[in-house]
Amino acid sequence: MIKTVEELTQAAVQAITDLNRYDCRILVCSGTGCIATGSNKIHEIFEQIVRDEPGVNLVFAPCGGHDEDKTVGVKKTGCQGFCELGPLVRIQKGDKVIQYVKVQPEDCEEIFKLSVQGDEVIERLLYHKGEEVFVQPDEIPFIAKQTRIVLENCGKFDAESLDEYLAAGGFKALRKAMFEMTRDDVINEVDASGLRGRGGGGFPCGRKWKQVARQKELERFVVCNGDEGDPGAFMDGSVMEGDPFKLIEGMMIAGYACRAEHGYIYVRAEYPMSVARLRNAIAQLEEAGLLGDNILGTDFNFHLHINRGAGAFVCGEGSALTASIEGNRGMPRTKPPRTVEKGLWEKPTVLNNVETYANVPKIILQGAEWFRSIGTAGSPGCKTFSLTGAIENTGLIEVPMGSTLREIIFDIGGGLKNGAQFKAVQIGGPSGGCLTEKHLDEPLDFDSVKKFDAIVGSGGMVVMGQDTCMVEVARFFMSFTQRESCGKCTPCREGTKRMLEILERIVNGQGELEDLDKLEELATMVKTMALCGLGKSAPLPVISTLKTFRDEYVEHIVDKKCRAKQCTALRKYVIDPNKCIGCSKCAKNCPVNAISGKVKQPFTIDPNVCIKCNACRENCAFGAVYVEA
């Protein structure tokens with residue numbers, strides 16, 4: 001039990017001492033992405049190899065080993081970021097770190113013999129870019145070009161170990177807040193830093209804390225939004241998996257500053273690993289006396305609870321989220337009163353997302369001026385993004401606010417796969433907008449992107465090449481938001497439904513030019529009249545694509561063509577007579593007999609009968625069947 005600040009200091013010193021006694025640490029990425037590619041099996045094999053090796057002491061937590069043995073730790077880290085190349089394994093010997101990618105079970109024995117017991121590097125398992133080979137993770141351009149604050153520990157430490165978090169400087173910020181600052185000092189420092197909510201709204205964090213602190217109601221709550229429902233977004237989930245103690249420390253600082261004794265972490269049900277890591281962290285902190293009553297011998301009490309959401313996108317909105325925690329249906333309510341006045345159980349509530357809380361410890365330790373030295377004047381600090389889509393290096397990144405799309409997509413992301421030409425990026429999730437080539441050098445921050453009908457949102461970024469149909473993109477995201485609408489307000493419930501119906505007609509070749517005017521009218525109505533922020537931002541994908549790619553909409557309607565060849569109803573299958581050898585395999589596999597011809601002569605497809613099932617292309621061994629542009 002850690003009952004005093006002196007004991008906390010001693011525990012941190014001991015953790016550092018124990019960590020330094022390792023001869024080698026095998027760090028296996030155990031984020032959800034790498035687990036999906038088999039990292040749990042890799043971890044299991046390494047553990048067994050170390051167990052079976054004579055003279056090697058397997059250590060599960062920093063606790064040293066026998067002096068005569070080699071001490072090896074096999075650790076489960078959080079997301080190391082480079083999701084495209086998992087399973088990822090790092091071999092750490094002091095300051096020397098080797099980053100291995102795409103590690104398979106059969107590679108484990110070789111890694112142990114050559115890199116753990118010896119000092120050799122296995123080149124075929126390193127990251128290659130052209131003729132360049134990178135050994136250390138921080139040398140890889142994907143990582144080297146980032147600035148990591150929230151993700152600082154992810155991939156470097158055991159995500160399940162309180163001792164390793166203490167060794168990394170964990171709870172120094174809480175100690176400083178409680179013993180070197182007043183509660184008002186803490187709030188003022190966060191306010192002066194300019195930290196804005198990283199969940200999408202961008203509301204100043206310190207201002208929110210001030211509003212809660214000045215409420216007359218003495219019972220208050222701290223709530224963390226870990227719902228993260230955007231398709232393609234996994235930033236908050238990765239932080240909860242990879243550094244749960246940092247999130248908890250940020251929430252505890254908020255609880256101390258605002259005099260709240262209970263905190264709630266709302267995690268979507270699709271994040272079982274996040275829930276497991278958080279529960280493990282809470283249990284360790286309660287056992288150590290760092291959560292509960294009279295923390296560090298003071299009158300500060302703080303208890304943490306985890307609530308699992310049922311996967312409703314609308315529960316990412318503050319009032320819907322608190323309603324869900326209370327056991328009610330997650331639906332937004334009219335405001336005022338706002339959450340800071342009447343939030344959870346009608347009590348003043350500090351509500352921020354995972355990334356926002358995870359920024360707080362570093363701000364308290366290094367000060368507001370340090371934080372303001374990063375990013376832009378209006379959006380200080382860094383932002384995490386998940387890079388997905390047609391990009392070479394998919395994964396989790398963190399860059400200063402104000403970084404450009406060009407830096408993110410081409411310098412960090414490595415450009416588009418197979419050298420494809422960039423077309424657009426959907427930023428801000430289903431409630432965001434599309435940015436194009438002309439926006440590549442615009443700074444990404446909360447305020448700058450608004451003028452392009454887009455939002456930073458929580459940080460989801462889907463990169464698209466020229467083979468992407470922007471009308472279909474708008475239809476896809478509208479389908480998502482319409483399906484996830486809670487139905488409480490008419491503009492969102494009915495407006496998104498009508499917009500989706502129009503978009504579906506257009507991609508099916510049944511649209512009319514007047515539909516574009518209807519789309520714009522409906523989009524304006526939903527944006528200005530919907531009850532909550534999610535409803536107001538739902539039309540953004542349509543607004544931004546209509547503005548930038550209107551010619552594609554017109555082409556779908558007038559020419560009945562989809563230049564990206566993605567809209568099934570607008571495809572026209574053709575057989576190239578120069579490639580067709582007349583084998584008749586396409587005709588035999590056509591379910592509607594749309595293909596005719598004579599054996600050993602070119603066959604033809606009747607477009608009036610063809611149902612666009614693609615069976616002809618799939619069965620042609622000579623590439624003679626193609627979709628006409």
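The values are calculated or read from the model by the stated rules, or taken from the named source; none is laboratory data. Model, not experiment: these values are computed from the prediction. Glycine also receives a Cβ, built like all others from the backbone with ideal geometry; neighbour counts cover every protein chain displayed.
Yes/no matrix, rows are residues, columns are (1) surrounded by fewer than 24 Cβ atoms within 10 Å (Cβ to Cβ); (2) small (Gly, Ala, Ser); (3) touching a residue at least 12 places away in the same chain (Cβ under 8 Å):
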site: Pro272; (1), (2), (3): yes, no, no
site: Leu278; (1), (2), (3): yes, no, yes
site: Arg308; (1), (2), (3): yes, no, yes
site: Thr322; (1), (2), (3): no, no, yes
site: Met331; (1), (2), (3): yes, no, yes
site: Lys342; (1), (2), (3): yes, no, no
site: Pro361; (1), (2), (3): no, no, yes
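Does Cys24 qualify as being farther than 23 Å from Leu278 by Cβ and modelled with pLDDT under 90? No, not satisfied.
Considering region 491-524, the residues that are assigned to a helix (DSSP H, G or I), over 29 Å from the mean Cα position of the chain (by Cα) and of a type in the set (A, V, I, L, M) include one that is surrounded by the most Cβ atoms within 10 Å (Cβ to Cβ), namely Ile506. Taken over region 150-182, the residue count meeting the criterion of being surrounded by fewer than 23 Cβ atoms within 10 Å (Cβ to Cβ) and of a type in the set (Val, Ile, Thr) is 1. The conditions of being outside the structural domain of Pro539 (by TED's automatic domain parsing) and either part of a loop (DSSP other than H, G, I, E, B) or surrounded by fewer than 22 Cβ atoms within 10 Å (Cβ to Cβ) (or both) are met by Phe446.
Kindly list the number of the only condition in (1) among the hydrophobic types (A, V, I, L, M, F, W, C); (2) over 14 Å from the mean Cα position of the chain (by Cα); (3) modelled with pLDDT of 95 or more that fails for Ile391. Status for Ile391: all satisfied but (3). Within region 24-48, work out how many residues are polar (S, T, N, Q), in a helix (DSSP H, G or I) and out of contact with any strand residue (DSSP E or B) (no Cβ under 7 Å at 6 or more places or on another chain). So the count comes out to 3.
For region 479-490, the criterion of being buried (at least 24 other Cβ atoms within 10 Å of the Cβ) and of a type in the set (Val, Ile, Thr) is met by at least one residue. Cβ-Cβ distances below 7 Å connect the following pairs, each with a first residue in region 541-559 that is within 21 Å of Pro231 (Cβ to Cβ) and assigned to a helix (DSSP H, G or I), a second residue that is among the aromatic types (Phe, Trp, Tyr) and modelled with pLDDT of 95 or more, and a separation of six or more residues or different chains: Leu546/Tyr553. Here is the figure for region 118-159: residues that are in a helix (DSSP H, G or I), touching a strand residue (DSSP E or B) at 6+ places or on another chain (Cβ under 7 Å) and among the aliphatic types (A, V, I, L, M) total 1.
Find the residue count for region 345-356, including only residues that are crowded, with 24+ Cβ neighbours inside 10 Å and of a type outside the set (Val, Ile, Thr). Of the residues in that region, 5 qualify.
Scanning region 376-385 turns up at least one residue that is surrounded by fewer than 17 Cβ atoms within 10 Å (Cβ to Cβ) and over 19 Å from Val471 (Cα atoms).
Just one of the listed residues (Met181, Met235) is modelled with pLDDT of 95 or more and either in contact with a helix residue (DSSP H, G or I) (Cβ under 9 Å, 6 or more places away or on another chain) or closer than 30 Å to Ala11 by Cα (or both), namely Met181.
Residue by residue, here is whether (1) within 39 Å of the chain's Cα centre (by Cα); (2) closer than 29 Å to Phe477 by Cα; (3) free of Cβ contacts under 8 Å to residues at least 24 places away in the same chain holds:
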| position | (1), (2), (3) |
| --- | --- |
| Gly533 | yes, yes, no |
| Lys536 | yes, yes, yes |
| Ile575 | no, no, no |
| Ile581 | no, no, no |
| Lys600 | no, no, yes |
| Gly623 | yes, no, no |
| Val627 | yes, yes, no |
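Strands (runs of 3 or more DSSP E) fully within region 306-403 that include at least 3 residues being assigned by TED's automatic domain parsing to the domain that holds Cys489 and in contact with an Asp or Glu (Cβ under 6 Å, 6 or more places away or on another chain): none found.
Any idea how many residues of region 115-159 are of a type in the set (S, T, N, Q) and either under 19 Å from the mean Cα position of the chain (by Cα) or assigned by TED's automatic domain parsing to the domain that holds Glu355 (or both)? Of the residues in region 115-159, 3 are of a type in the set (S, T, N, Q) and either under 19 Å from the mean Cα position of the chain (by Cα) or assigned by TED's automatic domain parsing to the domain that holds Glu355 (or both).
Residues in region 403-412 that are farther than 17 Å from Phe446 by Cα and surrounded by 20 or more Cβ atoms within 10 Å (Cβ to Cβ): Ile409, Ile412.
Here Met464 passes the criteria (1) more than 30 Å from Ala320 (Cα to Cα); (2) assigned to a helix (DSSP H, G or I); (3) touching a residue at least 60 places away in the same chain (Cβ under 8 Å) except the one numbered (2). Glu270 fulfils the conditions (1) assigned to a helix (DSSP H, G or I); (2) under 24 Å from Leu387 (Cα atoms) except for a single criterion, (1). Within region 200-237, how many residues are touching a residue at least 12 places away in the same chain (Cβ under 8 Å), surrounded by fewer than 21 Cβ atoms within 10 Å (Cβ to Cβ) and within 24 Å of Pro380 (Cβ to Cβ)? Result for region 200-237: 7.
Residue-wise test of (1) under 27 Å from Asp138 (Cα atoms); (2) of a type outside the set (Phe, Trp, Tyr); (3) modelled with pLDDT under 85; (4) not in a strand (DSSP E or B).
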position: Ala11; (1), (2), (3), (4): no, yes, no, yes
position: Gly65; (1), (2), (3), (4): no, yes, yes, yes
position: Lys75; (1), (2), (3), (4): yes, yes, no, no
position: Gln80; (1), (2), (3), (4): yes, yes, no, yes
position: Glu84; (1), (2), (3), (4): yes, yes, yes, yes
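Against the criterion of being free of Cβ contacts under 8 Å to residues at least 12 places away in the same chain, surrounded by 17 or more Cβ atoms within 10 Å (Cβ to Cβ), closer than 30 Å to Arg338 by Cβ and not acidic (Asp, Glu), Lys527 does not qualify. For region 571-584, the count of residues that are in contact with a helix residue (DSSP H, G or I) (Cβ under 9 Å, 6 or more places away or on another chain) and surrounded by fewer than 15 Cβ atoms within 10 Å (Cβ to Cβ) is zero. Filter region 413-430 down to the residues that are hydrophobic (A, V, I, L, M, F, W, C) and surrounded by fewer than 23 Cβ atoms within 10 Å (Cβ to Cβ), then identify the one that is nearest to Thr545 (Cα to Cα). Across region 413-430, the extreme among qualifying residues is Phe422.
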